[in-house]
Ligand code: 5GP
Ligand code: ZN
C-alpha cells in the first residue's frame, strides 16, 4: 500500500496516530476531524497516499466518495443533521493543509453558524463567455 512516512493521515491509517474512526472498508477510512466545523465533521480518506484531487486515481476517488456518502447517511441518521456539505480542498490556495486526498463530510444543523464562502452575484457575461471559450478551445 502506497504510504508517505511524513504524512499525518498515513500515520492514522497505520495506527501510529490515534483517531476516532466512524467507518472503514478495505480501501478507505473515515474519522472525526479534530477541528470540527460542526459536531460530527468527518474526514474520509483513501488508505493509499494520494496527494490531491488532481492526482488520485479514478477508482480510488470513487471508493472514497462512496464512503463519504455512507458517512453522510450515518451523520444524518445518528446526529439528526438536516443537511450535509461534502467538501474537497485541492491545493494550498484552496485551503488544503493536509496533502493526502480527503473529503470533508460536514453535517449541518438548523442553527449552525456556517455560511457560503462566497457571495452569489451575477457574473460578467463577457467574462463567462471568454472563460467558456478558453475551456472548450
Ligand atoms: P484540509 O484543510 O487539508 O482540507 O483538511 C485537513 C483536515 O484535517 C482539517 O480539517 C484538520 O482539522 C484535520 N486534521 C489535521 N490533523 C488531524 C489529525 O491529526 N487528526 C484528525 N482527526 N484530524 C486532523
Ligand atoms: Zn498520506
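Things worth noting here:
- Acute angle (nearest 10 degrees) that the helix 125-136 long axis makes with the longest principal axis of the chain, alpha-carbon atoms: 60 degrees
- Entry note, the chain: the mean residue ellipticity at 222 nm calculated from DSSP H runs of n ≥ 4, each adding -39500 (n - 2.57), is -9000 deg cm²/dmol after division by the residues and rounding to the nearest 500.
- Order by protection proxy (mean Cβ within 10 Å, highest first), peptides 21-27, 112-118, 43-49: 43-49, 21-27, 112-118
- Relative contact order for segment 8-136, counting Cα pairs under 8 Å that sit 6 or more residues apart, in percent: 25 percent
- The fraction of Cα-Cα pairs per 10 angstrom bin, counted from 0 for segment 8-136, comes to 12, 37, 31, 15, 5, 0 percent, rounded to whole percents.
- Report note on the peptides 96-104, 126-134, 50-58: ranked by the mean count of other C-beta atoms within 10 Å, highest first, their order is 96-104, 50-58, 126-134.
Values quoted throughout were computed directly from the atomic coordinates according to the rules given, and no laboratory measurement underlies them. This one's a predicted model, so the numbers in the text were calculated from it and none came from an experiment. Counting neighbours? That spans all protein chains shown, and the Cβs are built from the backbone with ideal geometry, glycine included.
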